[in-house]
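The structure appears below as structure tokens.
The values are calculated or read from the model by the stated rules, or taken from the named source; none is laboratory data. It should be emphasised that the depicted structure is a prediction, and the values quoted were computed from it without experimental measurement. No Cβ is skipped: glycine too gets one built from the backbone with ideal geometry, and neighbour counts run over all protein chains shown.
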Amino acid sequence: MARASYACRMAATSGNHSINRVCVFCGSSAGRDPRYALGANELGRALVARGWDLVYGGGRVGLMGVLADAVLAAGGKVIGVIPRMLATKELLHVGATEMHVVESMHARKAMMAGLADAFVALPGGYGTFEETLEMITWGQIGIHRKPLGLLDVLDFFQPFVQFIDHAIAEGFIRPEQRDLLVTSDSAGPLLDRLSHHHPPFVRKWIEPEET
């Protein structure tokens with residue numbers, strides 16, 4: 001067991017696009033449709049097929065558990081990061097290759113960001129939304145330049161993507177910032193796109209457009 005450090009957060013500023021570890025945000029529930037779990041399983045196997053390690057929230061339940069089990073079953077490496085308040089026998093995945101127990105949700109996100117070279121979101125709830133949006137925001141303001149993708153199982157993320165497009169149309173997000181994330185409904189193509197994706201460098205992100 002290890003603790004997160006401030007250095008982990010600063011490591012997220014890396015501009016290196018070589019991918020060895022992927023941080024996946026996903027639900028601690030499995031959802032109503034069994035195809036969500038199939039998508040998580042597909043992602044786990046696709047990661048191992050590319051020789052990429054999994055970094056995730058450390059749980060054994062829901063899509064988190066399905067994903068970790070798929071990676072382990074395929075012979076891959078699973079690195080979990082879980083807050084102490086959630087590190088119970090009911091929630092913590094005891095089979096993970098590495099497990100880091102940290103003191104807070106903030107420390108968890110900072111460590112996962114520092115360990116990962118790219119990010120993927122599977123379907124999930126509030127926690128998945130919050131983690132994904134924070135990584136998009138960190139990319140927007142230059143804390144990192146790591147690619148981020150949405151695995152759009154059963155069009156789960158389509159309302160989210162439409163909302164981003166609405167915010168762009170209303171002038172709250174710049175059009176070029178739409179390329180901060182990529183989407184696919186299949187794990188293999190999504191990971192292929194991430195391996196070649198270079199997120200945009202946005203200058204003067206907080207300043208008005210020049211006229």
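Against the test of being out of contact with any His (no Cβ under 6 Å at 6 or more places or on another chain), at pLDDT below 90 and not charged (D, E, K, R), the options G188, G142 yield a single qualifying residue, G142. The requirement of being over 20 Å from G62 (Cβ atoms) and in contact (Cβ under 8 Å) with a residue 40 or more places away in the chain is satisfied by H144. Of the residues in segment 7-19, at least one is modelled with pLDDT of 95 or more and closer than 23 Å to G188 by Cα.
If you take the residues in segment 83-102 that are in contact with a strand residue (DSSP E or B) (Cβ under 7 Å, 6 or more places away or on another chain) and of a type in the set (V, I, T), which one is nearest to A68 (Cα to Cα)? Going through the qualifying residues, I end up with T97.
The criterion of being buried (at least 17 other Cβ atoms within 10 Å of the Cβ) and closer than 12 Å to G124 by Cβ does not hold for G58. Of all the numbered requirements in (1) at pLDDT 95 or above; (2) surrounded by 18 or more Cβ atoms within 10 Å (Cβ to Cβ), A4 misses one, and that requirement is (1).
Results for (1) of a type in the set (S, T, N, Q); (2) modelled with pLDDT of 95 or more; (3) under 20 Å from D185 (Cα atoms), shown as yes or no for each residue.
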site	(1), (2), (3)
A30	no, yes, yes
L38	no, yes, yes
N41	yes, yes, yes
R45	no, yes, yes
V55	no, yes, no
G58	no, yes, no
L63	no, yes, yes
L67	no, yes, yes
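Against the test of being within 19 Å of G51 (Cα to Cα), hydrophobic (A, V, I, L, M, F, W, C) and out of contact with any Ser or Thr (no Cβ under 9 Å at 6 or more places or on another chain), the options A118, A96 yield a single qualifying residue, A96.
Among the criteria (1) within 18 Å of the chain's Cα centre (by Cα); (2) of a type outside the set (S, T, N, Q); (3) in a helix (DSSP H, G or I), the one L72 does not fulfil is (1).
At least 1 residues being of a type in the set (S, T, Y), under 15 Å from the mean Cα position of the chain (by Cα) and surrounded by 15 or more Cβ atoms within 10 Å (Cβ to Cβ) is the threshold, and among the strands (runs of 3 or more DSSP E) wholly inside segment 101-211 those reaching it are 181-184. Against the criterion of being at pLDDT below 95 and either under 14 Å from the mean Cα position of the chain (by Cα) or not aromatic (F, W, Y) (or both), K77 does not qualify.
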